[in-house]
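Below is one structure, written out as structure tokens; comments come after it.
Taken together, the values in this text are just the output of simple stated rules run on the coordinates, not laboratory data. Here the structure is a predicted model, which is why all the values come from computation and not from measurement. Cβ placement follows ideal geometry from the backbone for every residue including glycine, while neighbour counts extend to all protein chains displayed.
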């Protein structure tokens, strides 16, 4: 129904306005397709604690390094 009404309205316009509307419709279609491509999927949030227990820290982690004794 909408397309027939649109065509009837376009037929009433002079050719130069029909061309202008055609260009605008092409612009809108290209912009619409571009927005569909650029939409990113929703961001997945990381769940805290999923790596718990997979890493261990050395007992002397905070101890000064011997290589840096000259600078301390």
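Results, tabulated for the structure shown:
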{"quantity": "Answer from 6, 17, 10 - the residue that is in contact with a helix residue (DSSP H, G or I) (Cβ under 8 Å, 6 or more places away or on another chain), surrounded by 10 or more Cβ atoms within 10 Å (Cβ to Cβ) and assigned to a helix (DSSP H, G or I)", "calculated": "10"}
{"quantity": "Hits in the range 28-72 - residues which are over 21 Å from the mean Cα position of the chain (by Cα) and surrounded by 10 or more Cβ atoms within 10 Å (Cβ to Cβ)", "calculated": "64"}
